[in-house]
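Chemist: What follows is a single structure, and I will ask about it in a moment.
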Amino acid sequence: MQFSFAKGRFAACCLLLGAACAAAGFALGAALSARPSAGKAPAPSVRLLPAAISQPSPPQSQPLPQRLVCLTFDDGPSRTTPAVLEALAAEGVPATFFVVASESNESYLPLVQQAQQAGHEIALHSASHKYSDIYRSADAFWADIELLRQRLAPYVDAEELRCLRFPGGSTNTVSHKYGGSGIMQQLKEQAEQQGLRWVDWNVCAEDATGQKLSADAVCRNVTEGSQGLDRCVVLMHDSATTATTAQALPSIIRWYKENGYTFCTVSQLYGRTG
Ligand SMILES: [Zn+2]
């Protein structure tokens, strides 16, 4: 089973997940924190679905999927994004794009509109993605997010974007160099005060480590990292240098389908309508 791209089905799914979250109310933070820092889980801030919940009508008999996967792409749009969109469309699955808006990707920004119209979620990442700038203070960080919203505004309703992924993840320590050891905790609290959902990942393609990985290696990183997980939030990239990730997508999607996963966006996973 997988979510249809039809808006009605998406909306129904969101409602279901939202109800499930409200009913279950157990925290996810550790489970979906970045793997490299699994030893120091962030404060729980996001909620996860219980393993199985009966589905309200209609239809009564169909249980919620036990296995869910969110494919997420950071640092686009770029020249790689069209190939990613094509691979997703070919398999009919939704994804979430945590986007940037710097001078170097300006000409690709219209792709966010295309992605949203295709049923994907657009989410906040950073305008500049420069750690030395965005993490020097909380004010600098939110100014960068405001700039990102401004640059996205011609293409999507930027004020409606409610999910955020911190560059480097919520437990990154590189930010300490610029904004002190408390900067991430401060930013997480401020995000929540603004009603923003910050989202990490628990599966990593490792496609942005600087080495040029083959499509096979990207696929292997994702599938091996997903073993035994019922909820996967997969970190991948659609930046200019990650073309092999797009090439790996058909195999990655096939693997999740064969292993019984249902595809959804991060807002659907967390019970938001996005
Ligand atoms: Zn990034």
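Chemist: For segment 82-121, what are the per-bin percents of Cα-Cα distances with bins 10 Å wide, up to the bin holding the maximum?
Modeler: So the P(r) values, bin by bin, are 28, 56, 15, 1.
Chemist: Please report how far the C-alpha centroid of segment 117-176 lies from that of segment 180-212, rounded to the nearest whole angstrom.
Modeler: 10 Å
Chemist: Lys/Arg Cβ at +1, Asp/Glu Cβ at -1, dipole of segment 75-202 taken about the Cα centre: which of 81, 154, 113 is farthest positive-ward?
Modeler: Checked the options; the winner is 81.
Chemist: Net charge around residue 140, counting only other residues with Cβ within less than 13 Å of its Cβ (Lys, Arg = +1; Asp, Glu = -1)?
Modeler: Taking every Cβ under 13 Å from that of residue 140, the sum is -2.
Chemist: Averaged over every viewing direction, what's the projected area of the C-alpha convex hull for segment 93-225? Give it in nm², one decimal, please.
Modeler: Hull-based average projected area comes out at 8.8 nm².
Chemist: Taking amide H positions as placed 1.01 Å from N in the peptide plane, with prolines and chain starts having none, which residues 5 or more places from residue 237, or on another chain, fall under 5 Å of its amide H?
Modeler: Amide H neighbours of residue 237: 74.
None of the figures in this text is laboratory data; all of them are computed from the coordinates on show. All values reported here derive from a predicted model rather than from experimental measurement. No Cβ is skipped: glycine too gets one built from the backbone with ideal geometry, and neighbour counts run over all protein chains shown.
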